[in-house]
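Student: So that we are looking at the same thing, I have put the structure below in C-alpha cells.
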Amino acid sequence: MKSKFTSSAEVFDWLSGFINLERGQKPKSFRIDRMEALAQLAGNPHKCAPSIHIAGSKGKGSVTSMLAAMLTASGFCTARYMSPHVADIRERICIDGSFFSEEAYCRAGDELRDIVEARLHDSSLPPSAAQLFDTSAPDGCEPTYWELLTLFFFLCARYAKCDAMAVETGLGGRLDSTNILDPLVSIITLIELEHTNFLGGTIAEIAGEKAGIIKQGKPLILAEQCGEALEVFRKKAQEKNSRLYYLPEISELTDINITSRGTSFSLLFSNSSLLRTFDSTFSVAIPGRVQAQNAALTIAAMEVISKEITGESIKFQKRIDEDVIRKALANIVIPARFEKISETPPFIIDGAHTPESLSLCVETFKTLYGEGGVMIFGCAADKDVLKMAETAHSGFTKIIITTPGTFKVSDPAHVYETFVKAAGEQKVSLVKDTQEAVRQAVFLAKERKLPVLGTGSFYLVSEIRKILFQK
C-alpha cells in the first residue's frame, strides 16, 4: 500500500505523470462520459456546491477570478478552478482567493490516487465504465491529466465544504472535463478562432463547442459577439430553454478611464426588471478596457444569480451589496493580466494569446506608456500568428521573438518570419532563449528609457516573471 501524500507538491508531481506531450491529444482524449464515470467513482464531488461555469476564448480567467472574489467578499466560501497558472500550480485550484490548506490538497490527492490505482482496476467496475478506461478498447483511454486535475479540484472543494464554485473550462466546452456541471448560470466570454485543430476552423464551429456548456433551463450570460457566433448562441439558448442575457442588449458601459492603477467605469443595466442601476462608478485594479467589459459581465451574472435562481440555491437569493461588488473589483489581483513586474524599466506582462486580446493589450500599453516600447513575444504553434503580427507590430521600437516555454509545441522561427513580414527586419529579432531575450529587452529599455511588454503565451509570461523575480 502506498504511503499518503505529505504535500501538495507531491500530489501535483504525481498528476504530472499523466501528461504525455509526445503522444499529444487525440479525439478519444476528450470524452465527457469518461469524466462522468470518474466523478461517479468519486461520489460525484462536482455536486458538492452550486457552481458557475465560464467558457470563452479570452477573458474567462478574469471573469472567473472576479466572480470568485465577489462571492467570497459576500461571505460565501468559494472554490475557484482556472488555468493556466503563472507562478504556482496551486493558482489553478484555490479557495477564497488563496490556496487550499495542505491537508485539503493531500486528502483529495489520496482519494484521487485511490480511484486511479485501485478502483479503475477493480473487476467489479461496470463493463460500460471499464471499457472507457481500457486502452485496448476502440474508444478506451486511460484518464487524462485534465480529467484528473478537474476531479482533483472537485475533491478539494468537497473536502473544504465550500458554498460555491467558480469553474473555468479548459478547452472548448462541450467535451471539456468541467462540463459535467449543472451550474446556476453559464457565462461565455468573447469567441475568437482558437485551437482550431480541436474546436473547428470557423467561428460558428468554435461557438458551437463553447455553447455546449449551456444547460437546460439555466440562464446564459453572454459577452458581445460577432454575428456568426451570436446566431449560434441564440439558437442553442432557445433549444435549451435558457434565458439569454446578452450584455450589449442589457447594459451600457460609460465613462471608462484607464490609468496605471486600474480601470474605472460606470455601468447601467436596462431592458430587464431583474437588473438594477448602480449609483456610482466601479474600479477594477487592472488596466484595460477589456477589464471593464469583464467586470460588467461578472456583475450581470451575480445579479441574475441573486434574482433568478430558486430551489436548492436559496442561499444565493439575496442581492450582493453594491459596496461588496465594488470592494471585490478594487482589490482583485490576477497574475499576468497587465501586471507590472518592474518599475525600472516599466515592465508589463500580459497573457494575450489571441488576436483580439493582443490588440487590446497593445492598445492599453500604448495608452499608458506611449509609442516606442520594447516587446517580447512568443506563442504556441496553433495560434493565428499572422493576425497577431499585424495587430502588434506598430508603435514598438523593438520586437524580440522568443520561445514560449516547453509545455506546448511552438515554432519561434516561423513567428519571427511572420513578424518580419509585418514589421520589417530592422525592428524584429529572434532570441530563442527566453532569459537572454529578457536580458536584451531590459538592457535596451534602460539604455533608451523605454517600457517593456512581455506578451503572447501564458507560458512565456510565466517564464518572464520567474526570470525577473529571481534577480
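The values are calculated or read from the model by the stated rules, or taken from the named source; none is laboratory data. Every value quoted in this text rests on a predicted model; they were computed, and no experiment measured them. Cβ: placed from backbone, ideal geometry, glycine included. Neighbour counts: every protein chain shown.
Student: Got a sec? Which strands (runs of 3 or more DSSP E) wholly within the range 154-231 have at least 3 residues that are in the same structural domain as His53 (by TED's automatic domain parsing) and within 18 Å of Ala39 (Cβ to Cβ)?
Tutor: It comes to 164-168.
Student: Filter the range 242-268 for residues that are touching a Lys or Arg at 6+ places or on another chain (Cβ under 9 Å) and farther than 25 Å from Arg337 by Cβ; which is surrounded by the fewest Cβ atoms within 10 Å (Cβ to Cβ)?
Tutor: Arg243
Student: Also, I was wondering about something else. Taking into account only those residues within the range 232-252 that are within 23 Å of the chain's Cα centre (by Cα) and in a strand (DSSP E or B), which is nearest to Pro346 (Cα to Cα)?
Tutor: Tyr246
Student: Still on this structure, I have one more. Return the total of residues in the range 47-59 being surrounded by 24 or more Cβ atoms within 10 Å (Cβ to Cβ) and either under 21 Å from Ile115 (Cα atoms) or of a type in the set (A, V, I, L, M) (or both).
Tutor: So the answer is 3.
Student: Given the structure, is Thr455 within 26 Å of the chain's Cα centre (by Cα), outside any helix (DSSP H, G or I) and either under 23 Å from Phe338 (Cβ atoms) or free of Cβ contacts under 8 Å to residues at least 24 places away in the same chain (or both)?
Tutor: Yes.
Student: Could I ask something else about it? Return the residues of the range 393-430 that are buried (at least 20 other Cβ atoms within 10 Å of the Cβ) and either in a loop (DSSP other than H, G, I, E, B) or in contact (Cβ under 8 Å) with a residue 60 or more places away in the chain (or both); say none if nothing qualifies.
Tutor: Answer for the range 393-430, where residues must be buried (at least 20 other Cβ atoms within 10 Å of the Cβ) and either in a loop (DSSP other than H, G, I, E, B) or in contact (Cβ under 8 Å) with a residue 60 or more places away in the chain (or both): His393, Thr402, Thr403, Pro404, Ser410.
Student: Exactly one of these conditions fails for Ile334: (1) among the hydrophobic types (A, V, I, L, M, F, W, C); (2) surrounded by 23 or more Cβ atoms within 10 Å (Cβ to Cβ); (3) under 22 Å from Leu171 (Cα atoms). Give me its number.
Tutor: Evaluating Ile334 over (1) among the hydrophobic types (A, V, I, L, M, F, W, C); (2) surrounded by 23 or more Cβ atoms within 10 Å (Cβ to Cβ); (3) under 22 Å from Leu171 (Cα atoms) leaves (2) as the failure.
Student: So how many residues does the range 435-463 have that are at pLDDT below 95 and either of a type in the set (Ser, Thr, Tyr) or on the phi > 0 side of the Ramachandran plot (or both)?
Tutor: Selection size over the range 435-463: 4.
Student: Out of the range 379-391, which residues are in contact (Cβ under 8 Å) with a residue 60 or more places away in the chain and closer than 12 Å to Leu358 by Cβ?
Tutor: Correct list: Cys379, Lys383, Asp384, Met388.
Student: Then there is this: Could you say whether any residue in the range 95-104 is part of a loop (DSSP other than H, G, I, E, B) and of a type in the set (Val, Ile, Thr)?
Tutor: No, the range 95-104 contains no residue that is part of a loop (DSSP other than H, G, I, E, B) and of a type in the set (Val, Ile, Thr).
Student: Restricting attention to the range 384-397, which residues are in contact with a strand residue (DSSP E or B) (Cβ under 8 Å, 6 or more places away or on another chain) and within 14 Å of Thr455 (Cβ to Cβ)?
Tutor: Within the range 384-397, Met388, Ala392, His393, Gly395, Phe396 meet the criteria.
Student: Looking for something part of a loop (DSSP other than H, G, I, E, B), out of contact with any Leu (no Cβ under 6 Å at 6 or more places or on another chain) and either among the hydrophobic types (A, V, I, L, M, F, W, C) or under 30 Å from Glu390 (Cα atoms) (or both) - is there at least one such residue anywhere in the range 358-369?
Tutor: No, the range 358-369 contains no residue that is part of a loop (DSSP other than H, G, I, E, B), out of contact with any Leu (no Cβ under 6 Å at 6 or more places or on another chain) and either among the hydrophobic types (A, V, I, L, M, F, W, C) or under 30 Å from Glu390 (Cα atoms) (or both).
Student: Can you pull out the residues in the range 177-193 that are surrounded by fewer than 24 Cβ atoms within 10 Å (Cβ to Cβ) and either under 22 Å from Lys383 (Cβ atoms) or of a type in the set (Val, Ile, Thr) (or both)?
Tutor: Answer for the range 177-193, where residues must be surrounded by fewer than 24 Cβ atoms within 10 Å (Cβ to Cβ) and either under 22 Å from Lys383 (Cβ atoms) or of a type in the set (Val, Ile, Thr) (or both): Ile180, Leu190, Glu192, Leu193.
Student: Could you tell me which of the residues Arg80, Arg92, Arg34 is closer than 25 Å to Ser8 by Cβ, basic (Lys, Arg), buried (at least 19 other Cβ atoms within 10 Å of the Cβ) and in contact with a helix residue (DSSP H, G or I) (Cβ under 6 Å, 6 or more places away or on another chain)?
Tutor: Arg80
Student: While we're here: Given the conditions (1) among the hydroxyl-bearing types (Ser, Thr, Tyr); (2) modelled with pLDDT of 95 or more; (3) surrounded by fewer than 24 Cβ atoms within 10 Å (Cβ to Cβ), report the number of the one that Thr298 does not fulfil.
Tutor: Evaluating Thr298 over (1) among the hydroxyl-bearing types (Ser, Thr, Tyr); (2) modelled with pLDDT of 95 or more; (3) surrounded by fewer than 24 Cβ atoms within 10 Å (Cβ to Cβ) leaves (3) as the failure.
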